[in-house]
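The structure appears below as structure tokens.
Read-outs: derived from the displayed coordinates by stated rules, not from any lab. Because the structure is a prediction, the values reported are computed rather than measured. With ideal geometry, Cβ positions are generated from the backbone for all residues, glycine too; neighbour counts draw on all protein chains shown.
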Amino acid sequence: MNVSILGTGYVGLTTGVCLAFLGHKVTCADADAEKIAALGRGEVPFYEPHLADLIEESRHNLCFTTDYATAIPNAQVVFIAVGTPPGAGGAPDLQYLQAAARGIGQHLSGNFTVVVNKSTVPIGSGNWVGSLLRESYEQKKGRKADGTFAVASNPEFLREGTALHDSLYPDRVVIGADEAQTAEVLYSLYRPVLDQTFQPPPYLPRPEELGAVPLISTDLASAELIKYAANAFLALKISYINEVGQLAEKVGADIAQVAKGIGLDARIGTRFLQAGIGWGGSCFGKDTAAMIATASEYGLDMPIVKAAREVNRRQRERVVEKLLAELRILKGRTVGLLGLAFKPQTDDLREAPALDIAQKLIERGARVKVHDPVAMERFRKEQSSLEVVCCATPEEAAQDADALVLVTEWPQYRELDWENVARAMRTAILLDGRQALDRARMTRVGFRYLTLAG
Ligand SMILES: NC(=O)c1ccc[n+]([C@@H]2O[C@H](COP(=O)([O-])OP(=O)(O)OC[C@H]3O[C@@H](n4cnc5c(N)ncnc54)[C@H](O)[C@@H]3O)[C@@H](O)[C@H]2O)c1
């Protein structure tokens, strides 16, 4: 099929490249000319394992443009994958979605086109995008839009860091549409993923246990709600274990064992039960806020989702409180932060806990040194106003520090020569914000080893 993707961010580019790999002809369009020029040169604008390899492999089916007149008229399916960042009062800022919808409407050829909301959008956005498309098409063409397009919802569940794996081997595909004809276009598009009929690239092997991928076919509103409900549930799980972690600290229990003990119950599951600093990133914060905002439009309160957000906010404060309790005075102290990205295997800094923690420490008069294996360049570009010392190595961040905080559990941090790290510090205090290191080993090499759960 001829497919166009609007927005070449983490979601849009991944989706476009995977569809091109599966044999579709894909045009990726973005409003950011620099990004498109970089993609044209074969450069990937963000860190995502194997994305460059798959672009290379699928190049014959891919083209990049800033021009809707190139992207829209020949497309049978147009995905909207633009950002929906947090807006005022918790509801997402829909200006990019609005601009994309209007742009599509102006360039539709009149042949039937399925326009798909892949961005995470508030419930009701399918209808809203439909009305924007209709309005701009009719204004531009001076004739009725009936039969020229239909809107579908196809929420995305990929995780940055494993985005390609998640797109080629998803747990499920959700398609929301109010007419069968619309949904069928998307079944055809996703057929190779649903039936797993493609030959996997060598660096992205198919999981052995994977059979056919379940398809959830719903109306528009249900598909939109599935995305919010899924993210809110994952956020709840993280905040739940962090709340239990606070109690574990008080009673002297081992939260890692507690998490394992409850997680092995198949009804609960072990994932998203690692106690620590909590979630960051562009999705959980924004999507829980959006869900609460939507509910309040209907006069509904969502106390459980609100509590998950509050527990998550508190975890960041608890990092500073822990350091204060250990060091007594933060003014004039040096604190090293290991990890800036909101999680390992990405350079995404949106709502990253490290930024918040650094800011809070600076406000209390501490000097902050930071290191990240892949996000330093993006950090310098996006966070130039944050007054921290950027370090080329984790050892440099530890040098003469009064405390070190492991904020992002990059695997390379586990392999550090921790004995040397401890020796380089003024006081060997290590707050393992992700419970990623071995307490006995860290204590043995000379650290005072702390976590947020004891
Ligand atoms: N990042 C994730 O892990 C993830 C996972 C699931 C869902 N989502 C959702 O997917 C959506 C996109 O997220 P992302 O992380 O890929 O965002 P992103 O910020 O990385 O990318 C968005 C892109 O859209 C482009 N853009 C903005 N306006 C445009 C327009 N009118 N036309 C064309 N391009 C335009 C921007 O230049 C940018 O490159 C969001 O709604 C997000 O909530 C994200």
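Which percent, nearest 5, of DSSP beta bridges in the chain are antiparallel? Antiparallel: roughly 5 percent of the beta bridges in the chain. Extension gain for A295 to E377 (0.36 nm times residue separation, less C-alpha to C-alpha distance): 25.6 nm. The distance separating the Cα centre of segment 204-272 from that of segment 67-137 comes to 31 Å. Summing Lys, Arg as +1 and Asp, Glu as -1, what charge do residues with Cβ under 13 Å from the Cβ of F342 carry, F342 excluded? Net charge in that neighbourhood comes out at -1. Semi-axes of the equivalent ellipsoid for segment 383-454, computed as √(5λ) from the eigenvalues of its C-alpha gyration tensor and ordered from largest down, come to 20, 14, 12 Å. Cross-link pairs exceeding 30 Å between alpha carbons, from the set K35/K227; K237/K331; K141/K227; K227/K343; K25/K227; K144/K286: K237/K331; K141/K227; K144/K286.
Of all trypsin sites (Lys or Arg not before Pro) in segment 78-164, which ones are in loop regions per DSSP and have a Cβ with at most 12 other Cβ atoms within 10 Å?
For trypsin sites (Lys or Arg not before Pro) across segment 78-164 that sit outside H, G, I, E and B with at most 12 neighbouring Cβ atoms in 10 Å, the list reads R143, K144.
Extension gain for the segment S131 to Q98, taken as residue separation times 0.36 nm less the Cα-Cα distance, is 10.8 nm to one decimal. Within segment 243-292, the trypsin sites (Lys or Arg not before Pro) that combine a DSSP coil assignment with at most 13 other C-beta atoms in a 10 angstrom radius are R267, R271.
Given points 7 Å out from each Cα along the Cα-Cβ axis, report the K260 to L210 separation in nanometres with one decimal. Placing both labels 7 Å along Cα→Cβ, they lie 2.9 nm apart. Tally the DSSP beta bridges in segment 99-252 and give the antiparallel ones as a percent, rounded to 5. Taking every DSSP beta bridge with both residues in segment 99-252, the antiparallel ones total about 20 percent. Shape class for segment 1-131, computed from the alpha carbon gyration tensor (a ≥ b ≥ c): oblate, with a/c not under 1.5 and a/b at or below b/c. Using the reciprocal of the averaged 1/r over all distinct C-alpha pairs, how large is the Kirkwood radius of segment 177-320 in Å? Over segment 177-320, the inverse of the mean reciprocal pair distance is 18.2 Å. For segment 324-454, a/c is not less than 1.5, where a ≥ b ≥ c are the root eigenvalues of the C-alpha gyration tensor, and a/b does not top b/c. That puts it in the oblate class.
Panel order for I104, I268, by other beta carbons found within 10 Å of each beta carbon, from fewest to most: I268, I104.
Translational diffusion coefficient of segment 290-394 (Stokes-Einstein, Kirkwood radius from Cα pairs, 37 °C, 0.692 mPa s): 213 µm²/s. Placing a pseudo-label 7 Å from each Cα along the Cα-to-Cβ vector at R441 and A38 gives an inter-label distance of 3.4 nm. With neighbours defined as other Cβ atoms within 10 Å of a residue's Cβ, the residues R350, R313 order from fewest to most as R313, R350. Extending 7 Å from Cα along the Cβ direction at N111 and again at R313 yields two label points whose distance is 5.1 nm.
Relative contact order for the chain using alpha-carbon pairs under 8 Å, separation at least 6, rounded to a whole percent? Relative contact order, the chain: 12 percent. In segment 127-218, Cα pairs under 8 Å separated by at least six residues give a relative contact order of 28 percent. Maximal additional length on extending the Q399-Q139 stretch stands at 87.2 nm, based on 0.36 nm per residue less the C-alpha distance. From its DSSP helices (H runs of at least four residues, each -39,500 (n - 2.57)), the chain gives a residue-normalised ellipticity at 222 nm of -13500 deg cm²/dmol.
Shown in residue order for segment 322-331 are the 3J(HN,Hα) couplings computed by the Karplus curve 6.51 cos²θ - 1.76 cosθ + 1.60 at θ = phi - 60°: 4, 5, 5, 4, 7, 8, 6, 10, 9, 4 Hz (x for Gly and Pro). Exposure proxy for F342, F157: other Cβ atoms within 10 Å of each Cβ, ordered fewest to most, give F157, F342. Normalised by the number of residues in segment 380-449, the average gap of Cα pairs under 8 Å and 6 or more apart makes the relative contact order 32 percent.
Under the classification rounded if a/c is under 1.5, otherwise prolate if a/b is larger than b/c and oblate if not, where does the chain fall, given a ≥ b ≥ c as square roots of the Cα gyration tensor eigenvalues? Verdict is prolate for the chain. The separation of segment 310-362 from segment 141-190, counted between C-alpha centres, amounts to 38 Å.
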